[in-house]
1. Report the gain in length on full extension from Leu678 to Asp84: 0.36 nm times residue separation, minus Cα-Cα distance, nm rounded to one decimal.
2. Using only the heavy atoms of the protein chains and a 1.4 Å probe, how would Glu215, Glu121 rank by accessible area, largest first?
3. How far apart, in nm, are the 7 Å Cα→Cβ label points at Ser125 and Asp558?
4. Under a 5 Å amide H to amide H cut-off, with H placed in plane at 1.01 Å, what residues pair with Ile653 once short-range neighbours are removed?
5. Kindly work out what percent of the DSSP beta bridges joining two residues of the chain are antiparallel, to the nearest 5.
6. According to the square roots a ≥ b ≥ c of the eigenvalues of the Cα gyration tensor, what is the shape class of the chain, taking rounded for a/c under 1.5, prolate for a/b larger than b/c otherwise, and oblate for the remainder?
7. Give the separation of the Cα centroids, the stretch 612-651 to the stretch 193-223, in Å.
8. Which percent of the accessible area of the stretch 430-532 is formed by carbon and sulfur heavy atoms (probe 1.4 angstrom)?
Amino acid sequence: MKVGAFVCDCGAPDAIDAEGVREGVGDEDVEVVASASHLCGDGLGKAAAVVEEYDLDHVVATAPDAGCQRRIQEMAEAQGLHPDATAFVDHREGSGWVHDTAEATEKTARTIDATVAGLREEAPSRTVSKEAGDHVVVVGDAAAAESLSGRADVTLLANGLDFGEPEHDLDDVDVERGRVRDLSGSFGEFELTVEARVTEDCIGCMECVKQGPDEAVSSYPVDIAPDAPDGEYLDCCPVDAIEPEGVERTIEADQVVYPGGPTRGRGGQLGYFSHFDGGVAAAVESQLGGISKPQHLDIDMNLCASGDSGVEGCTRCTEACPHEAVSRPAVDEVAFDETACMDCGACTSACPTGAVELREPSNERLAREVESLLDMEEGGRLSSFFGGDSGIESPVIAFVCSEQAADALESYGRRAGRGEDISYQPILPVRVNCTDTVGEAQVLHALAAGADGVAIVGCGDDCLHSGPDPKAELVERMNIATNDLELGARTAFFAPAGDDPASFADELDGFVEGLEPSPLPTGEHEATGTGRPDSPREPFTTHDWALESLRRILAATDPDRDVIRGLDTFGRMEVSDDCNLTPTCSTLCPTDAIQRTGDGELQFNHADCVNCGLCESGCPEGAITIEPGLERSRLPENRDGEEWEPVFEGEMIECVRCGTPFTSRGSMEKVQDEVGDLVEGVAGDTEHSIFEYCDECRAQIVFQG
């Protein structure tokens with residue numbers, strides 16, 4: 001990469017010190033840092049000349065305004081750069097207008113470096129698609145059905161309402177009787193189970209309407225309410241279309257509009273809408289016939305710990321997904337609907353094995369951005385430029401949701417730009433799709449890289465995905481872990497409201513000012529994302545990345561505690577005397593953290609255990625217990641390098657014919673007790689029991705004599 005950084009004052013010359021930014025940018029791929037007043041206007045020609053002179057292939061510019069960004073991008077494209085080779089940094093609303101000059105200048109320089117670091121890890125774009133038809137079912141809303149009827153094949157399901165009065169034009173709408181009893185499926189494949197007391201044989205003669213009680217029978221479509229009283233009118237139908245007990249049928253739909261209907265997924269589901277407005281109408285229309293969208297996930301089901309052989313294992317992704325995009329077709333299977341994925345990252349931060357990872361931003365991209373932001377000297381990288389300890393003194397990484405939370409912070413900046421007295425701590429921003437993206441691996445890495453604290457800045461009650469305070473459980477666990485690591489509480493969640501900057505600033509001040517300087521230095525850690533050099537897993541899985549970070553933190557703090565609590569992606573295995581050494585646990589383990597030796601020993605590798613629980617749920621004897629947390633004494637570096645630890649010692653039985661160890665004494669005796677009477681004598685004249693032979697020799701004795 002050959003990057004040019006362009007610093008513009010964007011009409012706010014006092015917001016940052018342009019010379020300071022030039023001094024502060026230090027990424028090795030930045031060939032030149034140039035500054036200009038009104039870069040997107042009079043400075044465009046000079047910027048184009050710099051791009052040509054230095055043969056740049058990427059441009060990073062300080063330009064928060066959309067119009068400025070468009071003009072700079074057009075300049076770069078005119079110089080032959082790819083449309084995606086231009087990136088922008090907010091030095092004004094997010095820095096200069098809400099921080100003092102030294103802090104804003106330092107933050108801008110660091111953010112430019114972090115942007116460049118992120119560009120190096122940017123994933124190539126891919127798309128996923130799914131075909132669908134044009135059939136839209138609208139439940140109980142004639143106005144919505146009328147609005148969509150000119151664009152889609154619309155069915156209006158009455159859901160107990162009567163549309164006999166001509167308030168809406170329903171000539172192009174199929175009106176169906178019945179009430180929704182169940183809704184299942186996904187985009188392009190929804191199924192509504194509908195119950196009615198009038199069958200499809202109805203000819204609309206209205207006899208039941210005329211003879212039935214008022215309000216109990218609807219005229220269009222004709223149907224009888226479930227709570228309607230009995231009476232002779234139930235026998236008046238000339239075609240016997242009345243079924244007092246009710247009948248069910250299924251209606252298929254590509255999309256469903258159900259105003260006031262139940263929520264599907266905490267954050268909504270593709271193709272399903274529980275309200276109706278102009279935005280929903282546009283969304284429905286855009287999805288007619290199917291969709292094509294960016295691929296958000298990389299999936300490797302060979303690493304999945306969901307289960308095997310009918311045994312349910314890890315369920316974290318299905319529990320985490322707020323959009324019904326992850327399902328379990330069977331107890332030991334997980335399926336991802338990538339077209340329904342909303343790019344929140346909840347499944348990826350929850351997955352301990354790396355079976356599913358977010359493409360953008362990837363874990364490695366987040367790691368490099370964090371490390372770049374923290375590559376600063378004591379007192380701030382620009383302390384020598386400004387003198388003294390000016391600049392950012394307490395580096396706090398802020399994972400900022402790119403949706404409402406980012407909008408709220410930008411609104412604070414604009415209000416400050418209008419002259420309001422608004423300021424807050426100069427937290428170092430890392431944009432994430434949603435705070436769901438952030439898990440224990442991201443937090444631990446930021447602390448291992450030297451951050452004094454981690455602020456997770458989300459949308460609170462306005463979150464499009466997971467609802468209010470989605471990271472409360474994570475924050476609690478992380479603070480338990482960092483207290484055990486003798487770092488103290490260093491993680492907090494914030495939900496800035498656009499109309500209350502003072503509360504956000506006060507809460508953030510309290511958090512940052514309460515942090516002690518980290519014992520880990522900044523600017524020295526570059527994560528490899530692996531738990532061990534020979535790991536069979538790809539780098540930057542949740543577990544391995546977290547383990548690497550923990551080891552760095554432990555080396556600096558050396559806490560008194562052996563067990564570090566609060567960590568979900570580490571498991572501690574205990575085995576009771578009920579173990580019969582059946583191979584179930586070692587067969588099921590998705591990370592090969594369990595093995596059985598030939599001499600009857602069950603061994604466990606704590607560094608590889610991801611706490612999926614599959615061994616515990618699958619153990620036929622119920623002998624295994626897995627507890628979350630990291631146990632330092634069980635790591636290989638505290639066991640003279642030995643990865644494997646014996647957790648149970650039993651006795652293996654050798655085949656009396658070939659000498660091969662084939663089962664444990666406990667297993668043999670258990671099977672012998674259960675079925676011994678049924679197979680007595682099948683070994684013929686041999687002096688040994690049939691249970692003393694391995695499978696191969698047993699077959700030869702039984703069938704060959």
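1. Here the answer is 206.6 nm.
2. Final ranking, largest accessible area leading: Glu215, Glu121.
3. Label-label distance for Ser125 and Asp558, simple model: 5.3 nm.
4. The answer is Phe662, Thr663, Ser664, Arg665.
5. Roughly 50 percent of the beta bridges in the chain run antiparallel, per DSSP.
6. Taking the square roots of the gyration eigenvalues as a ≥ b ≥ c, the chain is oblate.
7. Cα centres, the stretch 612-651 to the stretch 193-223: 65 Å.
8. C and S atoms contribute 45 percent here.
The values are calculated or read from the model by the stated rules, or taken from the named source; none is laboratory data. Computed from a prediction, not measured in an experiment: that's the story for all the values here. Ideal geometry is used to build each Cβ from the backbone, glycine not excepted, and the neighbour counts take in all protein chains shown. Calculation scope for accessible area: heavy atoms of the full protein, side chains included, ligands and nucleic acids excluded. Shrake-Rupley method; radii C 1.70, N 1.55, O 1.52, S 1.80 Å.
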